[in-house]
1. Can you find, among B:PRO63, B:THR91, B:PRO74, the residue farthest towards the positive end of the dipole of segment B:55-112? Put +1 on the C-beta of Lys and Arg, -1 on that of Asp and Glu.
2. Hydropathy first: keep DSSP H helices in chain A averaging at least -0.5 on Kyte-Doolittle, then drop any whose Cα extent along the axis falls short of 20 Å, and list what survives.
3. Averaging the inverse of every distinct alpha carbon separation and then flipping it gives the Kirkwood radius. What is it for segment A:2-227, in angstrom units?
4. Need one value for A:42-52: mean number of C-beta atoms belonging to other chains within 10 Å of its residues' C-beta atoms.
5. Among B:LEU44, A:SER165, C:THR55, whose Cα sits farthest toward the positive end of the charge dipole of the protein assembly as shown (+1 at Cβ of Lys/Arg, -1 at Cβ of Asp/Glu, about the Cα centre)?
6. Hull surface divided by four, with the convex hull built on the Cα atoms of chain B: how many nm²?
7. What's the ranking of C:15-23, A:57-65 by average number of surrounding C-beta atoms within 10 Å, highest first?
8. Show that you can apply the helix-only estimate: for the protein assembly as shown, add -39,500 (n - 2.57) for every DSSP H stretch of four or more residues, divide by all residues, and state [θ] at 222 nm to the nearest 500.
Amino acid sequence: MVKKAFAFTLILGMGLLFYQLYRQRSTSTDLNKTARYYVENGPKETGSANVVTSVVVTYRGLDTLGEVTILFVAASIIGFFLKNQRNRKLEGAPGETSELLHTGSVFLVPLIFLLGVYVFVNGHLSPGGGFQGGAIIASGTVLLFLADPSIGAGRGVIHVLESFSGMLYVGLAVAGLFLAGGFLDNRIMPLGHFGTLLSAGAIPVIYSLIGLKVGAELSSILYALKDAKE
Amino acid sequence: MTHIALAGGALLILIGVWGMLTKKNIIRIIIGFSLFDTGLHVVLVGLGHLKNRTAPIIDSDLPREAAASRVVDPVPQAIVLTAIVIGLAVTAVLLAFALKLYQSRKTLDISELREGNND
Amino acid sequence: MLLALLAILIVVMLAAAVLALEHGKLLIGVIAAGLVSLIASVIYVILAAPDVAMTEAAIGSGLSTIMFLYVISRLKGDTHG
């Protein structure tokens, strides 16, 4: 009871703090300086129609690299904690899932993967990008796991894909250091015609690699959690 | 419109913190954390929103020259984009820890998980 | 009009958040937490952030809920409280 009262007091304090912050916030109706720079110069400098993509991949690209690293570390920790745990009940019994799920997944999984690829390849033109596409690909992998619990061959592919895309991502970032203005500069490739698929320099390539890496990492996290024993 | 979103996000943060502080079951605490996370994202996106403006994507309806006076702030959106993925990774690590704890102690009630109570 | 929709969405979202923490069954709590994320993604669309909305819909309400369900399916009988 004392604990609940303490928690309640803390919540009340936090609420007051939020209210004070809310009262002191600036009520500007215009963009601030940084945002204005990104919106005015982003499409011209990077060739990306989606300003959020140009911020994520180019201007604040280093943050994205760090973020992908955190995701990799998290996937490694989970793999380490839950390793060598096989759910005996599910293993080696392919007939256990329903026929409907199995047949449906054969048709749906390629389409889901295709949607994911579409989302991250068009990241510089429309809403979407590597993170969204990667999450969609991981959802497709979950359906694959559900349809065939004994599946295990996919793990090698996942790990190869993850290492390959991660190394290529860093390689492209370093290439920007030598061929263009700096680390993660997207102008190592021609900017192309604004608003077409093959434009914005290296942004579609980098975002596709991020998409593959995020998809592979989320898939391996889900695989480890699925395989944990009771 | 921004005000309602900010208020809703802040209340969601408070609900999440309440859950993290008062719940006994570890899975509930993780749910509280995930609510806290979502509330934080709503507040950040709400702070970047400006009245009567559209999404920061240049197309035929939104010429490049007029963009600066017609789009919302793209920076909070970019931050939240990465924050959501990090949030999922942190939730996954928390869940893996909870699972490991359950496997060794056979309970998820934190009042039964005292230090030294290692049976 | 949009304002009223936003207000309704936020009220439902907060109600779902309380349900996620207070409902006796863990399974329903997890589903309610997924609902909170789903409503948040609609709120992002109203706040002119379609990129964030896509991420939240795919990750927050999709993969996150699946992860919780995987974990509570491993807890034998301890799905209350």
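The values are calculated or read from the model by the stated rules, or taken from the named source; none is laboratory data. Since the structure is predicted, the reported quantities are computational estimates derived from the model, not experimental observations. Glycine gets a Cβ as well: all are built from the backbone with ideal geometry, and neighbour counts include every protein chain shown. SASA here: full protein model, heavy atoms, side chains in, ligands and nucleic acids out. Shrake-Rupley method; radii C 1.70, N 1.55, O 1.52, S 1.80 Å.
1. B:THR91
2. Helices meeting the criterion: A:2-24, A:61-81, A:99-121, A:130-147, A:154-179, A:203-227.
3. 20.3 Å
4. Details: counts 5, 5, 1, 0, 0, 0, 2, 6, 8, 13, 14.
If you average over the peptide's residues, the count of other-chain Cβ atoms is 5.
5. B:LEU44
6. Numbers: hull surface 36.2 nm².
Computing the convex hull of the Cα atoms and averaging its projections yields 9.1 nm².
7. A:57-65, C:15-23
8. Using -39500 (n - 2.57) per qualifying helix, the result is -23000 deg cm²/dmol.
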